[in-house]
Amino acid sequence: MSTLEGAGLLIVDKAAGMTSHDVVARCRKLLHTKKIGHAGTLDPMATGVLVLGVDRATKMLGLLALTTKSYTATIRLGAATTTDDAEGEVVSTASASHITDAEIAGHVAALTGEIAQVPSSVSAIKIDGRRAHALIRAGEEVVLPPRQVVVSKFDVLARRDEADGFVDLDVEVDCSSGTYIRALARDLGTALGVGGHLTALRRTVVGPFTLEHARTLEELADEPAVSLDIDTAALTAFPHRTIDADEAESLSQGRWLEPIGLSGVYATVDSEGRAIALVQEKGKRAASVMVVRPATLR
């Protein structure tokens, strides 16, 4: 069997309560292959789009431009937690019922655009080779430096005044990779003086992949197959350049092509619509960064 058969990208609609590793383990069983990896993670509490690579397409994962992400979320004002979400312990409470919509809108606007954000201390960011959340569990104090992120959209869709003075906000966020929605909830609550944390999070878009591409694990169990075969994945995720048979042969042999002025990683596709390689231009060469169809596969 060719190692391209069954290879591609699998877009999963992750359920709450599972880690990204749990999803990978389940998909390995469903697709009967050990060669599955994921591009970025989702917190166990979160649901939505998780991008996985299957078999040879795992080599694509590090090349995907997954720099833009979209979420729907619920922020609870009136309580701060140790993890900035509902899975942590509550460390402070204060009634938020007096806060006006105008006050909320003002502070939401201040958290929109290019901002310096301190990631949640229980994030997967590494400090001296160890994950921040592992250091927290080990009882160590963690202070992460702020990082520049871009929040291109932060809209409040609905407000619900709950019991005990809590205010729940349903929001939509479009942001750059590396943005923590939990941190937005925390910072909004802090700015309003009442504390805040995330109670629900759903990722709706990652790069070119949306919930329309995604299937639940239950749906995958009924029809175990990739969402996009390796050719469709290449055309969906990357700009492309059509090449002739001689150029395809060169790339499959590990040689390079003449550049045509395309920037970034792009797919080269033959006349039959098959992806031959992902290439990047540098100087006088358009060289492969991943050969999809090496000569050895034939």
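How big is the equivalent ellipsoid of segment 190-298 along its three axes, where each semi-axis is √(5λ) from the Cα gyration tensor, reported in whole Å from largest to smallest?
Numbers: eigenvalues 282, 90, 21 Å².
Semi-axes, largest first: 38, 21, 10 Å.
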So who's got an amide H within less than 5 Å of the one on ALA96, skipping anything under 5 residues away but keeping other chains? H placed 1.01 Å off N, in plane.
PHE166, VAL167
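Sorting check: for 48-58, 160-170, which peptide has the highest mean count of neighbouring beta carbons within 10 Å, and how do the rest follow? Mind dumping the intermediate values first?
Working: 48-58: 23.8, 160-170: 15.2.
Peptide ranking by packing, descending: 48-58, 160-170.
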Could you work out the equivalent-ellipsoid semi-axes for segment 176-217, taking the square root of 5 times each eigenvalue of the Cα gyration tensor, largest first, in whole Å?
28, 12, 6
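Over 20 Å, how big is the tail of the calculated P(r) for segment 238-297, in percent of all Cα pairs?
Of the Cα pairs, 11 percent sit more than 20 Å apart.
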Just the Cα atoms of the chain: what Rg and Dmax do they give in Å?
22.1, 71
In whole Hz, the Karplus estimates of ³J(HN,Hα) for segment 81-86 (6.51, -1.76, 1.60; θ = phi - 60°; x where Gly or Pro) are 10, 5, 10, 6, 9, 6
Excluding same-chain pairs closer than 8 in sequence, count the lysine pairs in the chain whose Cα atoms lie under 28 Å apart.
21
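Laboratory data are not the source of any read-out in this text; all were calculated from the coordinates shown. As the structure is a computational prediction, the values presented were derived from the model and not from experiment. Note: ideal-geometry Cβ built from the backbone for every residue, glycine included; neighbour counts use all protein chains shown.
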